[in-house]
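Colleague: I have a structure I would like to understand better, so I am pasting it below and will then ask my questions one at a time.
The values are calculated or read from the model by the stated rules, or taken from the named source; none is laboratory data. Please read these numbers as outputs of a predicted model, since none were measured by experiment. Cβ atoms come from the backbone with ideal geometry, glycine included; neighbour counts cover every protein chain shown. Calculation scope for accessible area: heavy atoms of the full protein, side chains included, ligands and nucleic acids excluded. Shrake-Rupley method; radii C 1.70, N 1.55, O 1.52, S 1.80 Å.
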Amino acid sequence: AVAQAVATTLPDAAVFNPLADAERAERLNRTLLDGRARPGSIRWVSNQNSRWGSCTLSTGAIRISDRLQNVPDYVLDSVIVHELVHTFIRGGHSAEFWEWANRAPKAERARGYLEAYQEFCQGGGGE
């Protein structure tokens, strides 16, 4: 379902592969979330400067910040899993939400990576 509804907002020269991204989300959903997520589409966007990803609950559309294009796979997987969990756990970041989101391999390490990236690579105060 995700593979059929994939879109990208970046130029053709970008290194992103929408079909591979959809297949990645489907694999993560199947292997980590027991197929519970209901993603509608997944795409890279250039207009998210304060978030790593977002999800529209009514459609399951997932958007991933293009700032993540060069992060390690485990970091991207963690962000995708986080957004996938939003499609079936409503009400924000509850304890139940984090139980599912933390199923991503190296989830805690990925959060640390993103915190450091925000602080030192995105002008959040690092030198």
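Colleague: Hey, VAL45 hits all of (1) of a type in the set (Val, Ile, Thr); (2) open to solvent by 10 Å² or more (accessible area, probe 1.4 Å); (3) without any contact (Cβ under 8 Å) to a residue 40 or more places away in the chain but one; which does it fall short on?
Modeller: Evaluating VAL45 over (1) of a type in the set (Val, Ile, Thr); (2) open to solvent by 10 Å² or more (accessible area, probe 1.4 Å); (3) without any contact (Cβ under 8 Å) to a residue 40 or more places away in the chain leaves (2) as the failure.
Colleague: Would you confirm whether any residue within region 92-100 is of a type in the set (S, T, N, Q) and under 12 Å from the mean Cα position of the chain (by Cα)?
Modeller: No, the conditions are met nowhere in region 92-100.
Colleague: Looking only at region 1-37, filter to residues that are in contact with a Gly (Cβ under 8 Å, 6 or more places away or on another chain) and either at pLDDT below 90 or of a type in the set (Asp, Glu) (or both); which one of those is surrounded by the fewest Cβ atoms within 10 Å (Cβ to Cβ)?
Modeller: ALA1
Colleague: Can you tell me which of (1) of a type in the set (D, E, K, R); (2) surrounded by fewer than 16 Cβ atoms within 10 Å (Cβ to Cβ); (3) touching a Ser or Thr at 6+ places or on another chain (Cβ under 7 Å) is the one ASP66 doesn't meet?
Modeller: (2)
Colleague: Also, I was wondering about something else. Quick check: is even one residue across region 106-117 at pLDDT 95 or above, open to solvent by 80 Å² or more (accessible area, probe 1.4 Å) and at positive phi?
Modeller: Yes; the residues of region 106-117 include at least one that is at pLDDT 95 or above, open to solvent by 80 Å² or more (accessible area, probe 1.4 Å) and at positive phi.
Colleague: Scanning region 68-116 for residues that are in contact with a helix residue (DSSP H, G or I) (Cβ under 8 Å, 6 or more places away or on another chain) and hydroxyl-bearing (Ser, Thr, Tyr), which turns out farthest from ALA37 (Cα to Cα)?
Modeller: For region 68-116, the residue satisfying everything is TYR113.
Colleague: Restricting attention to region 48-58, report how many residues are open to solvent by 80 Å² or more (accessible area, probe 1.4 Å) and farther than 21 Å from GLU115 by Cβ.
Modeller: Taking region 48-58 and keeping what is open to solvent by 80 Å² or more (accessible area, probe 1.4 Å), we get 49-51, 58.
Checking which are farther than 21 Å from GLU115 by Cβ leaves us with 58.
So the answer is 1.
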